[in-house]
Amino acid sequence: MAPHSVKPNLRDFQRTKFYRFEEAVIQRHPLNQLLSLDQCRVLAHKYNATVLVKDGRGRRHAGASYEDNLITLPRWSRQTSIVLHEVAHTLVDSQYYPHHGAEFVGVLIGLLSRELVGTVESNTGAVLAARLKIDISWIVSDAFSQRNKTLR
Ligand SMILES: [Zn+2]
């Protein structure tokens, strides 16, 4: 990625639409499984080896912080697609890219297909059919190695 010389527009322009898409399409996929907190940790560490996975029991929302490299998971959120959604937030720097923008969607589609929750083709097709923006160059981006490089 080129260095950023202009301040990006960080408005979270497709948040509501993307949540609806996830509920209607991604969360209904048969390989979107319910997980224990330990299974969530294992899954999260596959794609971000240093992420801190916090027990968000009692919280209403699942959450993630790129800066603090952590995700928080209430009980209801412990399922493949939501864990990957939160992990994707820890791979896309929210200082430079909109929270649920095209880059984020690209990274998440990449993670979902690695866990066989849809394929890159099927998920990208569904995203485009829902008129959401996706940057396909982020599907196979090095966001993972950026975050995991200290370990190699
Ligand atoms: Zn999100």
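Mind telling me which of the residues SER81, SER36 ends up being over 15 Å from the mean Cα position of the chain (by Cα) and hydroxyl-bearing (Ser, Thr, Tyr)? Let's see the steps before the verdict.
Numbers: SER81 fails: over 15 Å from the mean Cα position of the chain (by Cα).
From the options SER81, SER36, the qualifying one is SER36.
The residue of region 1-23 that is farthest from LEU84 (Cα to Cα), among those that are surrounded by 11 or more Cβ atoms within 10 Å (Cβ to Cβ) and at pLDDT below 80, is HIS4.
Out of the residues in region 76-96 that are more than 18 Å from GLU22 (Cα to Cα) and surrounded by fewer than 21 Cβ atoms within 10 Å (Cβ to Cβ), which is nearest to the ligand (Cβ to nearest atom)? Out of the qualifying residues, it is SER94. Scanning region 51-66 for residues that are among the aliphatic types (A, V, I, L, M) and more than 15 Å from the ligand (Cβ to nearest atom), we see that the one that is nearest to TYR96 (Cα to Cα) is LEU52.
Of the helices (runs of 4 or more DSSP H) contained entirely in region 24-136, those carrying at least 1 residues that are more than 28 Å from PRO8 (Cβ to Cβ) and modelled with pLDDT of 95 or more fall at 37-47, 80-89, 120-129. Within region 85-101, residues that are among the hydroxyl-bearing types (Ser, Thr, Tyr) have Cβ atoms under 6 Å from residues that are in a loop (DSSP other than H, G, I, E, B) and more than 10 Å from the ligand (Cβ to nearest atom) in these pairs: THR90/ASN48; THR90/VAL51; THR90/TYR66; THR90/ASN69; SER94/TYR66; TYR96/HIS4; TYR96/PRO8, counting only partners at least 6 apart in sequence or on another chain. Selection of region 97-129 for residues being under 24 Å from GLN33 (Cβ atoms), small (Gly, Ala, Ser) and within 16 Å of the ligand (Cβ to nearest atom) yields GLY106, GLY110. Filtered by the rule that a residue be out of contact with any Leu (no Cβ under 7 Å at 6 or more places or on another chain), surrounded by fewer than 18 Cβ atoms within 10 Å (Cβ to Cβ) and of a type in the set (A, V, I, L, M, F, W, C), region 111-128 gives VAL120, ALA126, LEU128. Of all residues in region 55-75, those satisfying the criterion of being buried (at least 16 other Cβ atoms within 10 Å of the Cβ) and free of Cβ contacts under 8 Å to residues at least 24 places away in the same chain are GLY56, GLY63, LEU70, THR72, PRO74. Note on region 3-23: residues that are under 21 Å from LEU91 (Cβ atoms) and part of a loop (DSSP other than H, G, I, E, B) amount to 9.
So the check is Cβ under 7 Å with 6+ separation or different chains; which pairs have a first residue in region 9-33 that's within 13 Å of the ligand (Cβ to nearest atom) and a second one that's of a type in the set (Lys, Arg)? Matching pairs, first to second residue: GLN14/LYS133. The single residue among ALA62, ALA88, ALA49 that is among the hydrophobic types (A, V, I, L, M, F, W, C) and closer than 15 Å to LEU132 by Cβ turns out to be ALA88.
The values are calculated or read from the model by the stated rules, or taken from the named source; none is laboratory data. These figures come from a predicted structure and were not determined experimentally. Backbone-built Cβ (ideal geometry, glycine too); neighbour counts: all protein chains shown.
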